[in-house]
Amino acid sequence: MIARIGRVGLLVTAVLLSGCASLRSRDDGNAPVVEPGAVAEIKALKLSGRLGIKQGNEGQSGSLRWLHAPPKHEITVYSPIGTTVAKIEQNENGAQLTTSDKEVYKADDPDQLMEQVMGWHFPLNGMQYWVLGRVAPEGPAEEERGANNRLMRLKQQDWDIQYADYRPLANIELPYRIIMKRADLVIRFVVDTIVPIRE
């Protein structure tokens, strides 16, 4: 078991979301998701961002860099002082996590691997869609949309996801601050840079 990301006190701010859109359900998890506009054209991305994690009375913080080019994922997790904590790699053969002391762990599912080794759950499978303000194709969802059809709140895969802010990138508005809640776990994610790649 590796040392977890440096434990620091986190102030997780409650975010009040405005907008008059109402929650609507999408119950057919097998139905394809058709996304309007340029966001639907993004098939791969490079992303860097900061994490604030609070679970029960424990808090952690850090940052990550993520190369997402399906079926390939490469994610490097850093401590608050910038040292590498872990690197997660996924391809069609499964997922592998390498710790800072070169220990290697393998599993079929990257979400399960993160929880077993890092000690906290980070939904990589869903985040590849959620970080773009999209609904994941797997599982039912409840959506709340605001101006310009922007996703403001999403309930999916047992997560309650709130989009606190968007920023423009070229002709696309992409999420900037995302707050995800599941049971007693709260993940606050701030996107520093994101480079989309369109098909």
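The values are calculated or read from the model by the stated rules, or taken from the named source; none is laboratory data. As the structure is a computational prediction, the values presented were derived from the model and not from experiment. Every residue, glycine among them, receives a Cβ derived from its backbone with ideal geometry; neighbour counts consider all protein chains shown. Side chains included, ligands, DNA and RNA excluded: accessible areas come from the protein's heavy atoms. Shrake-Rupley method; radii C 1.70, N 1.55, O 1.52, S 1.80 Å.
Counting only lysines at least 8 places from Lys54 when in the same chain, those with an alpha carbon closer than 23 Å to its own are Lys87, Lys155, Lys181.
Leaving out ligands and nucleic acids, and using a 1.4 Å probe, what accessible area per residue does the stretch 44-97 come to in Å²?
Working: 2490 Å² over 54 residues.
So the stretch 44-97 comes to 46 Å² accessible per residue, rounded to a whole number.
The listed residues Ile75, Ile81 rank as Ile81, Ile75 when sorted by accessible area, largest first, using a 1.4 Å probe.
Label-to-label distance, Asn91 versus Ala147, with points set 7 angstrom from Cα along the beta-carbon direction: 4.5 nm. Straightening the chain between Thr83 and Glu138 buys 16.4 nm, computed as 0.36 nm per residue apart minus the Cα-Cα spacing. Here's the picture: a label point sits 7 Å out from the Cα of Glu74 along the beta-carbon direction, and within the stretch 89-125 the residues with their amide nitrogen under 12 Å of it are 89-90. Estimated at the nearest 10 Å², the accessible area of Leu154 is 0 Å² with a 1.4 Å probe.
With the simple spin-label model, which puts each label point 7 Å out from Cα in the Cβ direction, the Asp192 to Asp101 separation comes to 2.7 nm. Loop-located trypsin sites (Lys or Arg not before Pro) in the stretch 94-199 (DSSP state other than H, G, I, E, B) with a sparse environment of at most 11 neighbouring Cβ atoms within 10 Å: Lys102. A Förster radius of 22 Å, combined with the Cβ-Cβ distance separating Leu169 from Arg50, puts the computed FRET efficiency at roughly 0.80.
Accessible area per residue was computed with a 1.4 Å probe on protein heavy atoms; Trp159 scores about 10 Å². Of all aspartates and glutamates in the structure, the ones whose alpha carbon falls short of 15 Å from that of Lys102, not counting any fewer than 8 places away in one chain, are Glu89.
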